[in-house]
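One structure is given here, and the rest of the page talks about it.
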Amino acid sequence: MSATVRAGHIELLVDINEFFNRVGIIGHYEELEWLGFIVDNFGGSFWPERVTELQRFCHENPEYHIVTYTDSGRYANKYVAGKGLYRLAKGDKNPSLVLNHFIDPKRELVAEEMICAALAILDEVKTGDN
């Protein structure tokens, strides 16, 4: 689900999977290592002290760009200075693209489905003979 707003030219997405797929977030640490990065976490995120390294990489490899975690549940599809977390992406570079998955009207349903799936696995383990 997405919405387009003329004022400020923001395209707001609320589905985290749609956003990550569209902008091409590189989240797998092995792919980042293959690109030459030393990975310090499994989530594929970069702390502010590594921004220069990311910017240099993107300058040398223009098919990549920086995505910024700007606030709780919110990503901007561009570099925003002074934030605490950054990601590398290789996809849609539209800088007006923003994610705020906390306003997804299906968020509670997705969470409920995940909890039910986890409980079903735990119940199977608890009642199984293996």
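For the range 2-103, rounded, prolate or oblate, judged on the Cα gyration tensor with a ≥ b ≥ c (square roots of eigenvalues), a/c < 1.5 rounded, else prolate if a/b > b/c?
prolate
How large is ³J(HN,Hα) for each residue in the range 43-52, as worked out from phi by the Karplus curve 6.51 cos²θ - 1.76 cosθ + 1.60 (θ = phi - 60°), to whole Hz, x for Gly and Pro?
Values per residue, Gly and Pro as x: x, x, 9, 10, 7, x, 5, 10, 4, 4 Hz.
Starting at the first residue of the range 87-98, write each ³J(HN,Hα) from the Karplus equation 6.51 cos²θ - 1.76 cosθ + 1.60 with θ = phi - 60°, in whole Hz, x for Gly and Pro.
10, 9, 9, 9, x, 4, 9, 4, x, 8, 7, 9
Taking K and R as +1 and D and E as -1, what net charge do the other residues with C-beta under 13 Å from the C-beta of Y29 add up to?
-3
Dipole magnitude of the range 2-103 about its Cα centre, charges +1 at Lys/Arg Cβ and -1 at Asp/Glu Cβ only, in debye to the nearest 20?
Approximately 400 debye in magnitude.
Please work out how much length the chain gains when fully extended from R50 to L122, using 0.36 nm per residue of separation minus the C-alpha to C-alpha distance, in nm with one decimal.
22.0 nm
Read-outs throughout are calculated quantities, based only on the coordinates presented, and are distinct from any laboratory measurement. As the structure is a computational prediction, the values presented were derived from the model and not from experiment. Every residue, glycine as well, gets a Cβ built from its backbone with ideal geometry; the counts of neighbours run over all protein chains shown.
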